1. Would you mind calculating the gained length between Arg201 and Ser2 on full extension (0.36 nm times residue separation, minus the Cα-Cα distance), in nm to one decimal?
2. Pulled fully out, how much extra length does the chain show between Leu182 and Leu81, if you take 0.36 nm times their separation in residues and subtract their Cα-Cα distance?
3. Quote to one decimal, in nm, the extra length available between Ala159 and His192 on full extension: 0.36 nm per residue of separation minus the C-alpha distance between them.
4. Given a Förster distance of 25 Å, report the FRET efficiency between Leu10 and Ile57 from their Cβ-Cβ distance, rounded to the nearest 0.05.
5. So how far apart, in nm, are the two label points at Arg35 and Ile230 if each is 7 Å from Cα heading toward Cβ?
Amino acid sequence: MSTTLAGALLGLSLLDSTSFGTLLIPIWLLLTPGRLHPTRIAVYLATVAAFYFATGILLTLGADAALQAARDAFSGVSPVLLRWCQLVAGVLVIVLSYWLEARARGQGDSPGRVQRWRARAMAGSGGPSGLMSLALVAAGLEVATMLPYLGAVGLIANAGMSWQLTGAALAGYCVVMTVPALVLATARLTAHAKVDPLLRRINDWLTRNSAKALGWTVGGVGIGLTLNAIVALATDP
């Protein structure tokens, strides 16, 4: 593996470490009142990392076949028409993001019930299955928006590495993207009084904006698609 590739993967993994599933949910879990069981946050992060790793393996295995199938399917279609289709798709995704946000606000949830579930899950009175389910749901929702990871998988798939090195690169990526959450968990365990105010400020922000989170995520993808299509249509001959 070249130094350039390793640096690119490191940067992408650190970017992925700030996503909703890898950082914001762990912060919310770390704000559980009382004694924190480190194994609980470890179960959550390990499940997220395992999901990403398995997804990366599947994508790497099918990357060449998928790319060739896409080339064959669209070989006879005008690039300009494809860009217009991308533009329409981007606008539709942006509209979808507003609908998702409105739906989340309309459904809502009982804050007390959510807080009680968190306390049980993190205090050890319940099994790890709840945390594992939360991790899988969070990672599953991010599949369509894990753009840094998709970029990393593309770099790895095109690097011509052996399967052993490919697996090691994917595993290393998944470990690195959990590091910020692990650092915060360690700080929560060793310096709770100093770290708690920062975590609470972040938690207050999440509470106020929880209904917007999914809409922002989906809307970001739509904006990216739309802007990319507009730039391509304006610059391509």
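Just so it is clear, none of the values below were taken in a lab; they were calculated from the coordinates. Since the model is a prediction, treat every value here as computed from it, not as a measurement. Cβ coordinates were reconstructed from backbone atoms using ideal geometry, including for glycine residues, and neighbour counts include every protein chain displayed.
1. Additional length available on full extension: 67.6 nm.
2. Using 0.36 nm per residue and subtracting the Cα-Cα distance, I get 31.8 nm.
3. Between Ala159 and His192, full extension yields 7.5 nm more.
4. Result of the calculation: an efficiency of 0.80.
5. It works out to 5.6 nm between the two label points.
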